[in-house]
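*Asks:* First, the structure itself, so that you have it in front of you.
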Amino acid sequence: MVTAMPLIHEVKTKKRAIAMTFDDGPHSVYTPQILEIFKTYGGKATFFMVGVQIINQAALVKTVADQGHEIGNHTFSHVKLTELNEAQSVEEIERTSRLIEDIVSYKPTVLRPPYLAWDDLRESILYRFPYKLIGAMNLDALDWRQPGTAFILERTRRHIRNGSILIFHDGYGDRSQTVEAVRQLVPQLIHKGYQLVTVSELLKMAESTED
């Protein structure tokens with residue numbers, strides 16, 4: 001039996017770089033606000049998008065890509081893949097991959113399974129796709145629960161270091177707390193000398209800094 005590949009929560013690198021990621025979008029209100037923050041302060045992010053959201057927001061998906069951000073796969077209907085059979089899991093991933101490619105002309109190469117649900121059966125799927133499985137360090141920030149901007153920031157700051165992958169949410173619900181947390185965090189990270197990069201860029205940094 002194939003042992004399930006562990007999700008990548010951080011990257012070992014000597015470079016002062018962090019990957020900020022956003023799940024569950026695109027959202028017509030919150031995604032543009034996050035894009036504006038990055039446009040103001042600089043840096044790039046990775047947006048793990050859900051197929052059912054992409055269908056109604058094709059123009060926004062293109063805007064995200066045109067501004068240099070990475071688009072990752074977060075399945076079509078945000079379902080726990082471990083509750084599906086293999087064929088259903090493949091369809092969840094492949095359908096969203098096709099949607100993204102139709103809009104931005106490239107296939108996503110990073111995948112974040114909803115709820116980070118992954119197992120041995122799902123592992124065989126990766127032989128069909130060139131995906132890296134992406135987790136995150138600051139799962140305890142729980143921004144999706146709307147615990148307050150201060151809480152999101154306090155928990156996230158515990159995980160700030162070279163190579164960290166951070167998770168936030170820009171879809172499914174009121175994300176105003178998340179937007180405000182990001183509005184404060186981005187300039188703080190840049191002031192501290194961190195480069196804000198996409199997940200794929202961060203992964204390449206790990207490869208290029210191995211001794």
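*Asks:* In whole Å, what is the distance between the alpha-carbon centres of the stretch 73-121 and the stretch 188-207?
*Replies:* About 25 Å separates the Cα centre of the stretch 73-121 from the one of the stretch 188-207.
*Asks:* Also, I was wondering about something else. With every protein chain kept in place and ligands, DNA and RNA left out, what is the accessible area per residue of the chain? Probe 1.4 Å, answer in Å².
*Replies:* 46 Å²
*Asks:* While we're looking at this one, here's another question. Assuming a ≥ b ≥ c are the square roots of the Cα gyration tensor eigenvalues, decide whether the stretch 160-211 counts as rounded (a/c under 1.5), prolate (otherwise, with a/b larger than b/c) or oblate.
*Replies:* Judged from the Cα gyration tensor, the stretch 160-211 comes out oblate (a/c at least 1.5, b/c at or above a/b).
*Asks:* A further question on this structure: May I ask for the net charge around PHE151, where only other residues with Cβ less than 13 Å from the Cβ of PHE151 are counted and Lys, Arg are +1 while Asp, Glu are -1?
*Replies:* Working: positive: ARG145, ARG155, ARG157, ARG158; negative: ASP140, ASP143, GLU154, GLU180.
Charge balance near PHE151 sits at 0.
*Asks:* At a 1.4 Å probe, what is the % contribution of carbon and sulfur to the accessible area of the chain?
*Replies:* Working: 4840 of 9610 Å².
Carbon and sulfur atoms account for 50 percent of the accessible area of the chain.
*Asks:* A further question follows. Would you mind computing, in nm to one decimal, how far apart the modelled labels at GLN88 and LYS62 are, each placed 7 Å from Cα along Cα→Cβ?
*Replies:* 3.5 nm
*Asks:* Simple spin-label model, 7 Å along Cα-to-Cβ: GLN184 to VAL52 in nm?
*Replies:* 3.3 nm
*Asks:* Using R₀ = 25 Å, calculate the FRET efficiency as 1/(1 + (r/R₀)^6) where r is the Cβ-Cβ separation of ARG158 and LYS204; round to 0.05.
*Replies:* Working: r = 26 Å, r/R0 = 1.04.
E(calc), rounded to 0.05, equals 0.45.
*Asks:* Select from TRP144, ILE167, GLY193 the residue farthest towards the positive end of the dipole of the stretch 116-211; place +1 on Cβ of Lys and Arg, -1 on Cβ of Asp and Glu, and compute about the Cα centre.
*Replies:* The listed residue farthest towards the positive side: GLY193.
*Asks:* Something else now. Would you please put 13-25, 37-49 in order of how densely packed they are, using the mean number of other Cβ atoms within 10 angstrom per residue and starting with the highest?
*Replies:* Taking the mean over residues of other Cβ atoms within 10 Å, the ranking is 13-25, 37-49.
*Asks:* Tally the DSSP beta bridges in the chain and give the antiparallel ones as a percent, rounded to 5.
*Replies:* Values: 1 of 21 bridges.
That works out to approximately 5 percent antiparallel.
The values are calculated or read from the model by the stated rules, or taken from the named source; none is laboratory data. Worth saying up front: this structure is predicted, and the values here are computed from it rather than measured. Because the Cβ atoms are built from the backbone with ideal geometry, glycine has one as well, and the counts that use them run over all protein chains shown. Surface areas here come from the heavy atoms of the whole protein model, side chains and all, with no ligands, DNA or RNA. Shrake-Rupley method; radii C 1.70, N 1.55, O 1.52, S 1.80 Å.
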